[in-house]
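Read the figures in this text as sums done on the coordinates, not as results from a lab. The structure displayed is predicted, hence computed values, not measured ones. Note: ideal-geometry Cβ built from the backbone for every residue, glycine included; neighbour counts use all protein chains shown.
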Amino acid sequence: ASSAEESDVVVIGGGPGGYVAAIKAAQLGLKTTCIEKRGALGGTCLNVGCIPSKALLHSSHMYHEAKSSFAHHGVKFSNLEVDLPAMMSQKDKAVAGLTKGIEGLFKKNKVEYVKGFGKLVSPSEVSVDLVDGGSTIVKGKNIIVATGSDVKSLPGVTIDEKKIVSSTGALALSEIPKKLVVIGAGYIGLEMGSVWNRLGSEVTVVEFAPDIVPSMDGEIRKQFQRMLEKQKMKFMLKTKVVGVDTSGSGVKLTVEPAAGGEQTIIDADIVLVSAGRVPYTAGIGLDAIGVETDKGGRILVDKRFMTNVKGVYAIGDAIPGPMLAHKAEEDGVACVEFIAGKEGHVDYDTVPGVVYTHPEVASVGKTEEQVKASGVAYQVGKFPLLANSRAKAIDDAEGMVKVISEKETDRILGVHIMSPGAGEIIHEAVLALQYGASSEDIARTCHAHPTVSEALKEACMQTYDKAIHM
Ligand code: FAD
């Protein structure tokens with residue numbers, strides 16, 4: 001069978017890159033088809049990533065607050081327990097509602113939705129093995145590959161999603177593990193580690209590198225690690241996993257120093273492998289039509305998101321760049337604008353990054369280490385949350401704001417925030433960077449009182465003058 005009419009745009013993958021590209025294409029008047037294999041729209045982000053993880057982070061935070069902070073605020077009760085199935089079901093409901101929402105948006109914008117596994121057979125044809133059986137050929141003048149990414153496995157550590165889980169399994173455990181070992185101290189490992197730590201697991205994070213979240217500003221990272229340790233998470237840095245034994249009731253992990261040395265065995269009930277993600281680009285026909293990828297399997301594209309094969313484009317986690325949902329969305333919109341004959345643009349220097357622990361850690365622009373390495377003369381403004389009235393009022397004053405600006409012009413180069421709500425506050429800095437603002441521009445902008453955002457204003461004051469409240 002083959003779909004009767006040719007589309008202007010065919011998108012393979014219905015994640016934040018693909019579904020946003022499809023909706024935007026339709027809004028620009030292009031006849032659009034989106035092919036998705038998982039039977040639900042929203043991709044990794046909505047089904048097994050950003051959204052379910054934030055649901056569990058919120059639920060577990062509420063439990064943790066109730067257990068450890070409520071009494072201090074004068075709110076007392078006698079019985080507190082975790083109902084894990086209820087927690088999971090609230091998460092699942094949120095996911096189901098949102099995936100249905102995208103289906104609704106497809107209908108509203110007249111995007112044709114094909115459920116199945118798509119494979120490029122020519123630069124203008126995709127063969128689809130349909131979820132409901134059978135196959136079809138979908139034809140398009142332009143094809144966008146938005147197949148996203150998958151969990152990276154570790155040699156010798158087989159993910160069974162029971163005792164050795166990926167982030168997907170860690171989002172759906174049926175019991176709270178007594179001991180959880182997380183392999184990899186990136187943001188996904190730390191977020192999932194935080195969820196189970198708050199619910200009562202003993203969490204040990206094993207990391208090969210000398211630091212957690214390597215992309216983070218060094219000073220913020222140090223505070224961040226200290227804060228996680230205060231929350232009782234344990235870290236084994238510069239450590240590699242060399243063996244896994246699942247023959248007993250739990251898991252025995254053999255680890256040794258990254259540089260080699262004495263081995264130790266750690267016991268775990270569950271091991272979470274969160275050592276990164278890899279682009280999902282094998283087995284989708286790229287070789288057959290000659291699309292170039294790099295060594296890591298990422299599809300190479302030009303500034304217009306076009307691959308070396310005319311008419312075939314790629315976006316999101318499947319191409320180089322930060323593997324983030326909002327980056328994939330920006331790629332999708334810009335790619336489709338180019339296809340529609342307009343100008344598209346993504347500023348990769350102003351893509352924010354957020355770790356949704358508590359407090360959150362958010363950043364945009366360069367770290368101090370990067371600015372130093374670039375040789376530009378700079379100044380740093382810092383403000384501790386301890387001196388912020390709102391943070392003190394709500395007794396949530398762990399963290400700091402750090403602003404780095406160019407010495408000569410005071411133009412903001414990077415902003416790093418560890419605070420409650422940092423993932424929201426950071427957008428003030430994103431906008432400032434986008435508009436080429438100076439740190440003084442933020443400092444002279446009236447901020448509502450009392451807000452945690454005032455800590456950003458005061459950190460900005462510190463770059464060229466003095467903060468008031470310090
Ligand atoms: P994906 O979301 O991976 O979507 C690709 C889709 O294509 C998938 O649905 C897949 O089924 C489909 N597909 C693949 N091949 C085919 C094929 N041949 N035919 C048909 N369909 C196909 N990012 C953030 O920005 N913020 C966060 O808080 C965040 N948290 C995360 C937490 C976890 C646990 C994980 C795993 C990831 C998280 N991410 C987060 C990353 C984010 O999920 C990804 O960056 C984002 O989903 C990438 O979007 P994408 O559209 O490129 O790919």
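Taking amide hydrogens as modeled 1.01 Å from N in the peptide plane, which residues meet the under 5 Å criterion relative to Leu413, leaving out close sequence neighbours?
Here the answer is Ile404, Ser405, Glu406, since their amide H atoms fall under 5 Å of that of Leu413.
Taking the alpha-carbon set of segment 155-229, what are its Rg and Dmax in Å?
Radius of gyration, then largest Cα-Cα span, for segment 155-229: 12.8, 37 Å.
Using all C-alpha to C-alpha distances in segment 84-128, build P(r) with 10 Å bins and read off the rounded percent in each one.
Pairs per bin, as whole percents: 23, 28, 29, 16, 4.
As a test of the formula, what do you get for the chain when each DSSP H run with n ≥ 4 contributes -39,500 (n - 2.57) and the sum is divided by the residue count, at 222 nm and rounded to the nearest 500 deg cm²/dmol? All intermediate terms of the calculation are to be shown ahead of the outcome.
Working: 14 runs with 152 residues, N = 470.
Result for the chain, helices only: -10000 deg cm²/dmol.
Express in whole angstrom the spacing between the alpha-carbon centres of segment 431-470 and segment 209-261.
One Cα centre to the other: 35 Å.
Out of the GluC sites (Glu not before Pro) in segment 2-78, which ones are loop residues according to DSSP with at most 13 other C-beta atoms within 10 Å? Walk me through the intermediate numbers first.
On the way: sites: Glu5, Glu6, Glu36, Glu65; in loops: Glu5, Glu6.
In loop regions of segment 2-78 (DSSP not H, G, I, E or B), the sparsely surrounded GluC sites (Glu not before Pro) are Glu5.
Report ³J(HN,Hα) in whole Hz for each residue of segment 23-30, in order, from the Karplus equation J = 6.51 cos²θ - 1.76 cosθ + 1.60 where θ = phi - 60°; Gly and Pro get x.
5, 4, 4, 5, 5, 7, x, 8
Long-range amide H contacts for Ser215: which residues qualify at under 5 Å (H placed 1.01 Å from N, peptide plane, sequence gap of 5 or more or a different chain)?
none
What is the packing order of peptides 82-90, 307-315, taking the mean over residues of other C-beta atoms within 10 Å and listing the highest first? Write down the numbers at each step before the final one.
Working: 82-90: 13.6, 307-315: 21.0.
Per-residue Cβ counts within 10 Å, averaged per peptide and sorted highest first, yield 307-315, 82-90.
Which net charge results when you count Lys and Arg as +1 and Asp and Glu as -1 among the other residues whose beta-carbon is under 13 Å from that of Tyr356?
On the way: positive: Lys54, Arg198; negative: Glu191, Glu360, Glu424.
Residues near Tyr356 contribute -1 overall.
Please give me, ordered by residue number, the trypsin sites (Lys or Arg not before Pro) of segment 414-470 that lie in loop per DSSP and have at most 12 other Cβ atoms within 10 Å. It would help to have the intermediate numbers written out before the result.
Values: sites: Arg444, Lys457, Lys466; in loops: Arg444, Lys466.
When the trypsin sites (Lys or Arg not before Pro) of segment 414-470 are filtered for loop state and at most 12 Cβ neighbours within 10 Å, Arg444, Lys466 remain.
Using only C-alpha atoms and all pairs of different ones, pull out the Kirkwood radius for segment 307-419 in Å with one decimal.
Values: mean 1/r = 0.0599 Å⁻¹.
16.7 Å is the Kirkwood radius here.
Using θ = phi - 60° and the Karplus curve 6.51 cos²θ - 1.76 cosθ + 1.60, what whole-Hz ³J(HN,Hα) does each residue of segment 188-205 get, with Gly and Pro shown as x?
5, x, 6, 5, 5, x, 4, 3, 6, 4, 5, 7, x, 6, 7, 10, 10, 9
How many angstrom lie between the Cα centre of segment 22-39 and the Cα centre of segment 351-403?
38 Å
Could you work out the equivalent-ellipsoid semi-axes for segment 218-317, taking the square root of 5 times each eigenvalue of the Cα gyration tensor, largest first, in whole Å?
Working: eigenvalues 313, 84, 33 Å².
The equivalent ellipsoid of segment 218-317 has semi-axes of 40, 21, 13 Å.
Residue by residue, what Karplus-based ³J(HN,Hα) values in Hz, rounded to whole numbers, does segment 283-297 have, using 6.51, -1.76 and 1.60 with θ = phi - 60° and x for Gly and Pro?
Residue by residue, segment 283-297 yields x, 10, x, 5, 4, 4, 9, x, 6, 7, 10, 8, 4, x, x Hz.
Order 143-153, 408-418 from most to least packed using the mean count of other Cβ atoms within 10 Å.
Details: 143-153: 24.5, 408-418: 23.0.
The peptides rank, most packed first, as 143-153, 408-418.
Which Cys in the chain stand alone, with every other cysteine's Cβ at 4.7 Å or more from theirs?
If one checks each Cβ against the other cysteines of the chain, Cys34, Cys335, Cys446, Cys460 turn up with nothing under 4.7 Å.
Amide H to amide H under 5 Å from Gly276: which residues, 5+ apart in sequence or cross-chain, H placed 1.01 Å off N in plane?
When sequence neighbours closer than 5 places are left aside, the close amide H contacts are Lys152.
Consider all pairwise Cα distances in segment 80-158 and report the whole-number % of them above 18 Å.
Taking all Cα-Cα pairs of segment 80-158, the fraction more than 18 Å apart is 67 percent.
In segment 14-116, what chymotrypsin sites (Phe, Trp or Tyr not before Pro) fall in a loop by DSSP, with at most 11 other Cβ atoms inside 10 Å? Mind showing how you got there, number by number?
Working: sites: Tyr19, Tyr63, Phe70, Phe77, Phe106, Tyr113; in loops: Phe70, Phe77.
Within segment 14-116, the qualifying chymotrypsin sites (Phe, Trp or Tyr not before Pro) (loop, at most 11 other Cβ atoms within 10 Å) are Phe77.
Let me know the Rg and Dmax you get for segment 20-157 when you use only its Cα atoms, in Å.
My reading of the Cα-based Rg and Dmax gives 20.9, 67 Å.
If you scale each eigenvalue of the Cα gyration tensor by 5 and take the root, what three semi-axes come out for segment 189-255, rounded to whole angstrom and sorted largest first? Don't skip to the end; give the middle numbers.
Values: eigenvalues 110, 52, 13 Å².
So the equivalent ellipsoid measures 23, 16, 8 Å along its semi-axes.
Provide Glu424, Glu337 in ascending order of the number of other Cβ atoms located within 10 Å of each residue's Cβ, fewest first.
Working: Glu424 15, Glu337 19.
Result, fewest neighbours first: Glu424, Glu337.
By DSSP, what percent of the beta bridges with both residues in the chain are antiparallel, rounded to the nearest 5?
On the way: 51 of 82 bridges.
Once the DSSP bridges in the chain are tallied, antiparallel ones form about 60 percent.
Antiparallel DSSP bridges in segment 183-282: what percent, to the nearest 5?
Working: 11 of 16 bridges.
About 70 percent, rounded to the nearest 5.
For the chain, what does the alpha-carbon gyration tensor say about shape, rounded, prolate or oblate, given a ≥ b ≥ c as the root eigenvalues, a/c under 1.5 as rounded, and a/b over b/c as prolate? Don't jump to the answer; show the numbers that get you there.
Working: a/c = 1.69, a/b = 1.24, b/c = 1.36.
Verdict is oblate for the chain.
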